[in-house]
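Laboratory data are not the source of any read-out in this text; all were calculated from the coordinates shown. Predicted model, so just to flag it, every value in this text is computed and none were measured. Don't worry about glycine lacking a Cβ; one is built from the backbone with ideal geometry, like all the others, and counts go over all protein chains shown.
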Amino acid sequence: MKNSNKNLTFIKSYFIIGSIIIILSFVIYSNNLLRQVRKELEVFPKIYAQFAEVSTKDNIESELLEIILTEVIQKINFPIIVTDVQNNPKYWKNIESKLSDQEISSEKLKEIAFDMEKNETYILLREPHTGEVISKILYSSSHTIKRLKFLPYFEFFIVILFIAVGISGLFIMKKQEKESIWVALAKETAHQFGTPITSMLGWLEVLKSKATECKDIQQMEDIIQNMKKDVHHLEKIASRFGKVGSDIQIKEANIEVTIHETLDYFRERIPSSSKRVNLNFINRAEDKVICFDPDLIKWALENLIKNAIDAMKDKSGNIFIIIYDKGDKFYIQIKDEGCGIPKKAQKQIFDTGYTTKNRGWGLGLALTKRIIEDFHNGKIYIVQSEPDEGTTIEIMLSKKNK
């Protein structure tokens, strides 16, 4: 069980660290790609500006210059506006608007040019001899570049989604693994109990038939009665394990009766030694008839009370079973005066396979949690636990079956 938990932890760590590396790789790669594309984008207006400057220097006639400029603009795939000194648009291409480049108004072009100039994405064309500004080339990122800006965030979202789905899958796998373990354990235990119970019932019948031949008939009857009790107890255990591996029928019953039966069972079996453990029942509940499975709840209480008795170790003390209700919820508290539970162990005591004892499989409290939370849709938790002062564990159940 411990190796399985270690493997699961390793898989989770590997998965998370690997995903982080993937995220960082995506972000770094995308940012580098974005920077390269921006640099490439800046080359076009610079070339265009140099061409225009050379054209001015060589005194090319205005009509020819306009044709050349128009042809150059047609090859550009990003938004660009060429204005004169008074910021009047002369040439433009790829302007983002619902209208085509031919239909867009001069005022709209001026607004777009103003935004480009405000973002400092423009180049000044100067007269080569005087240095006087004769025109401006204003440009902005293409639609593709703008979409590329969101690529790192999109990749980040995809990878986070991938991690979330992966971790959810791990938890589902772990839960399914636990489910299969419980069902297999329950079915196998019920099967294994079946044969000896049948055999013991047969021997009981033989003893009954031979009882009249025994000189001390009363002693024989006592033996038979004790064997009956043990057989019935085995039958009850087999029935309980059988329920764990199948669907249960929750019905209305008096939970106070179930608690009294559980306490009576322990009062008969508490060892008579130097230590004295007193079982105390405190009833603060108004409604005692709720929806539950009496046999399974009795089993859960037996596990909790047995743990409370073990926690008392060699000292005398009290164990309190307190019931109360609030609204549609019913609460059962098991409070002992034992050794307490270490803080680091409080989150693990309900885990399958966890135990602080030298013997046992660590299934008792895990089984109790399954009975309360999985079968009854309730909750079980530690209210408080202090070293050498005791522990209080509380069960919360719904009064009505949901």
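Sorting T130, T258 by the number of Cβ atoms found within 10 Å of their own Cβ, with the fewest placed first, yields T130, T258.
Once the Cβ-Cβ distance between N401 and E302 is put in as r, and R0 is 25 Å, what FRET efficiency do you end up with, to the nearest 0.05? Before the final figure, lay out each step's value.
Working: r = 23 Å, r/R0 = 0.91.
Computed FRET efficiency for N401 and E302: 0.65.
Calculated FRET efficiency, Y29 to E117, Cβ-Cβ distance, R0 = 35 Å: about 0.60 to the nearest 0.05. This ranking places H129, H260 by how few other beta-carbon atoms lie within 10 Å of each, fewest first, which gives H129, H260.
Using the 10 angstrom Cβ neighbour count as an exposure proxy, how do F330, F171 rank, fewest first?
Numbers: F330 23, F171 12.
By the 10 Å Cβ count, ascending: F171, F330.
Projected label points at K208 and I270, each 7 Å from Cα along the beta carbon direction, are separated by 3.5 nanometres.
Remark: the L124-Y381 segment gains 85.2 nm on full extension, using 0.36 nm per residue and subtracting the alpha carbon distance. Extension gain, R284-K108: 0.36 nm per intervening residue step, less the Cα-Cα distance, totals 55.5 nm. Take the Cα radius of gyration of the stretch 251-398 and divide it by 2.2 N^0.38 Å, with N its residue count; two decimals is plenty. Dividing the Cα Rg of the stretch 251-398 by 2.2 N^0.38 Å gives 1.00.
The modelled label-to-label distance between K343 and Q86, using points 7 Å beyond Cα along the C-beta direction, is 8.0 nm. Multiplying the residue separation of I248 and F171 by 0.36 nm and removing their Cα-Cα distance gives an extension gain of 25.2 nm.
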